[in-house]
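Single-structure report; data block below.
The values are calculated or read from the model by the stated rules, or taken from the named source; none is laboratory data. Bear in mind that the values here come from a model prediction, so they are computed numbers and not experimental data. All Cβ positions, even for glycine, are placed from backbone atoms using ideal geometry, and neighbour counts span all protein chains on display. All accessible areas refer to the heavy atoms of the entire protein, side chains included, with ligands and DNA or RNA removed. Shrake-Rupley method; radii C 1.70, N 1.55, O 1.52, S 1.80 Å.
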Amino acid sequence: NVMVIFKYILEKDVFQRFYRSLLAHRLVNDTSVSHDLEGTMISNLKQECGFEYTSKLQKMYTDTHTSRDLNDRFHEFCSSPIPGFSVMVLSDGSWPFPRPTSEFNVPPEIQMYHEKFSTFYDKQHSGRKLSWLYNQSKGELEWSRKPKSTHRFQCTMFQTSILLLFNHRDSYTFEELQSNTALDPERLDQILKQLISFNVLKSSSGTEGGTLAAENIDLNLDFSSRKIRINLAMPLKTEAKQETEQTHQSVREDRNLVIQARVVRIMKDRKRLKHSLLLAEVLQQLQNFQPSVQSIKKAIGILIDKEYIDRVENENDVYQYRA
């Protein structure tokens, strides 16, 4: 039983952060074995740790069902059906995906559908603004350069924007690809290397390692594979590492705020308390993780600076709450 094992986890806040991240990717990529089982797991976690622990997980799960209904209404709104096109609308603040900060040019082949959905959504929800997460978007392209040699590439949106350009020409400079897609050079370099590793594209020099900024990027007209469906949408190593680091950083920040809030709550209730007793109560009351004594002392120092609590004069080991 998974929940039996969960009860033995001391740092439940760390588990929640990573579980939320993995759940988000499963829901967005539709790779869950069973949506009902996902809902059951969230219910079990709620029963064990309370509503606050699972509120964002529950909202994510609800968004997937709401998005299905929204897509049905969108296809009814369109005068003609758009096969294979769907959009997930995610609640801001519930999902672990940061807002986009870099530029990106949506491919002209997709722009029409992009604008049509934006128009539809504005009519459905006046006053709301959509922020498009292109780094979480995916699509499928058909490769048919040779007779009886058709493949289907599962691609990220960024890969799609690059590969669609090769419908017009078989070769581009790095600068031309960057200008057409508006991807930042570092990200573009990583994506091109990824496509080259799949033998879909090739560089003019054919060498590995180093930057591709001075290279010509060519379509590999001799591409062949025994597979019909080929998944090119592999996560970039730098993105996976960055996501893990951001998760750990987020846990540390949240813990500091939780400790401070707990100290304030205890002091508001007790009004006056010795240092050792305050430490003991904080350690006793925090259930989702076990804070270090040093982190509690740091939180107390911050609250003193913020004038939530004071040290009692002539009694340095006693604190009092400031109303």
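Overview of values
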read-out	value
Selection from the stretch 282-307 of residues that are open to solvent by 40 Å² or more (accessible area, probe 1.4 Å), under 19 Å from Arg322 (Cα atoms) and not hydrophobic (A, V, I, L, M, F, W, C)	Lys297, Lys298, Asp305, Lys306, Glu307
Scope the stretch 129-164; condition more than 21 Å from the chain's Cα centre (by Cα), without any contact (Cβ under 8 Å) to a residue 40 or more places away in the chain and outside any strand (DSSP E or B); matching residues	Pro147, Lys148, Ile162, Leu163
Meets criteria (of a type in the set (D, E, K, R), over 17 Å from the mean Cα position of the chain (by Cα) and not in a helix (DSSP H, G or I)) for Arg169	yes
Given (1) over 30 Å from Thr31 (Cα atoms); (2) hydrophobic (A, V, I, L, M, F, W, C); (3) touching a strand residue (DSSP E or B) at 6+ places or on another chain (Cβ under 7 Å), number of the condition Leu192 does not satisfy	(1)
Residue that is farthest from Glu239 (Cα to Cα), among those in the stretch 102-128 that are open to solvent by less than 80 Å² (accessible area, probe 1.4 Å) and in a loop (DSSP other than H, G, I, E, B)	His125
The stretch 192-220: number of residues that are within 14 Å of Glu175 (Cα to Cα), among the hydrophobic types (A, V, I, L, M, F, W, C) and either touching a helix residue (DSSP H, G or I) at 6+ places or on another chain (Cβ under 6 Å) or modelled with pLDDT of 90 or more (or both)	4
Of the criteria (1) closer than 15 Å to Asp13 by Cβ; (2) open to solvent by 60 Å² or more (accessible area, probe 1.4 Å); (3) assigned to a helix (DSSP H, G or I), which one Gln242 fails	(1)
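Every residue, every condition in (1) outside any helix (DSSP H, G or I); (2) touching a helix residue (DSSP H, G or I) at 6+ places or on another chain (Cβ under 6 Å); (3) free of Cβ contacts under 8 Å to residues at least 12 places away in the same chain, yes or no:
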residue	(1), (2), (3)
His25	no, no, yes
Ile42	no, yes, no
Leu70	no, no, no
His75	no, no, yes
Asp92	yes, no, no
Pro100	yes, no, no
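Table: residues versus (1) touching a helix residue (DSSP H, G or I) at 6+ places or on another chain (Cβ under 7 Å); (2) at pLDDT below 90; (3) open to solvent by 60 Å² or more (accessible area, probe 1.4 Å).
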| site | (1), (2), (3) |
| --- | --- |
| Lys237 | no, yes, yes |
| Thr247 | yes, yes, no |
| Val258 | no, no, yes |
| Arg262 | yes, no, no |
| Arg265 | no, no, yes |
| Arg272 | no, no, yes |
| Leu278 | yes, no, no |
